[in-house]
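J.: Pasting in a structure now, in structure tokens, and then I'll have a few things to ask.
Coordinate-derived values only; no laboratory data. A quick note: this is a predicted structure, and the numbers were derived from the prediction, not measured. Methodologically, a virtual Cβ is constructed for each residue, glycine included, from the backbone with ideal geometry; neighbour enumeration extends over all protein chains shown.
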């Protein structure tokens, strides 16, 4: 096996020939005004260009041997260790490369699930294509009537010989409009407890009977979609896991999702957001305000604690252990930190946060504040995360079940 030092040298040579070294970004007040949002409004052509650049870069990286270092060689990986993967990432981080945002769900959630639960044909067909950037994947879980209660999905999958016919509706699907495949949770049995009658499949997003419609958010963007399935067909080999065992497969995806969300933006603390936030404090001359200083300290410390928690959970998974409630802690910490940032912005800017006065660097923050409610829902609501932490970490009793036979007002 190639050593870490040898891989690092290979990576330096490749990146030195194909990318520019990353330079420290210095934010200058009054220059480069840009709205700060998690799901920003962007022209379709700009988004399409970002996706195309990301796919082209992934192909280049994969063909050079760096695309899936820790993946099995049988499916296009290089068969190296996670340490090799981290070494590559450390070197790549020092260079200017196209955004990997379009592949966040692909690598953070879908590809690992296919590797863990897919049929041999599915692994051979899709894993290399995903890691090479030929395909992007999306996650088809939530429905209008089944969000926090994911086991309550009603999208049906009915068997027809060696195929399954899918009918139903999914919602809040990120990136569905540029994805080639989607991981979809369906109901295959109605005579079993709801967690026991689910089955997972991979559906091709351009298949007959699949329709993607963008959802317009209050930020102005359309990062999410609703997806309608009307008689869409999938082959039985596209099934992930056993029939009616889809909940176990879904848990694999959900744990990876919470890890990805919890770590992707460092509990709401990307370098750009923090740099601009500190610049705003200085520009407004409120650095000596005790409330402002307390808010900034809480944001910094919470982000650091969340990062350590996520790293500990990731280390457990890399050691072959099952993911634990740490992922829920990281995800909840993310949304709480975003709320802290919003509170600080409101304290400093007042009406200028929601009313465009023309003053540079004020109203642009409104998009971040409007994005935060979406993060409180994505990857499991804050309420669900608190239940998981309460029950699995603190050992608190489970919430009482609702008895349909007892009137809501109580009594006997």
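J.: Based on other C-beta atoms within 10 Å, arrange 110, 273 from fewest to most.
T.: Taking fewest neighbouring Cβ atoms as first place, the list is 273, 110.
J.: Still on this structure, I have one more. Expressed as a fraction of 2.2 N^0.38 Å, the rule-of-thumb size for a compact globular protein of N residues, what is the C-alpha radius of gyration of the stretch 265-392?
T.: Against the empirical 2.2 N^0.38 Å value, I get 1.18 for the stretch 265-392.
J.: Take 327, 348 and order them by how many other Cβ atoms sit within 10 Å, fewest up front.
T.: 348, 327
J.: So, one more: Given a Förster distance of 30 Å, report the FRET efficiency between residue 311 and residue 70 from their Cβ-Cβ distance, rounded to the nearest 0.05.
T.: 0.95
J.: Further question on the same structure: What is the distance, in nm, between label points placed 7 Å from the Cα along the Cα-to-Cβ direction at residue 343 and at residue 289?
T.: 1.4
J.: With r defined as the distance between the Cβ atoms of residue 383 and residue 211 and R0 fixed at 25 Å, what FRET efficiency is calculated, to the nearest 0.05?
T.: It comes out at approximately 0.20.
J.: At 0.36 nm per residue, minus the direct Cα-Cα distance, what do residue 151 and residue 359 gain on full extension? Give it in nm, one decimal, please.
T.: Roughly 70.1 nm would be gained on extension.
J.: Using a basic spin-label model with each label point 7 Å from the Cα along Cα→Cβ, how many nm lie between residue 392 and residue 56?
T.: Taking the two extended label points, one gets 4.2 nm.
J.: Where in the stretch 281-303 does the label zone of residue 275 land, with the point 7 angstrom along Cα→C-beta and an amide N cut-off under 19 Å?
T.: Inside the label zone: 281-284, 300.
J.: Once both labels are modelled 7 Å past Cα along the beta-carbon direction, what's the residue 20-residue 81 spacing in nm?
T.: For residue 20 paired with residue 81, the spin-label model returns 3.6 nm.
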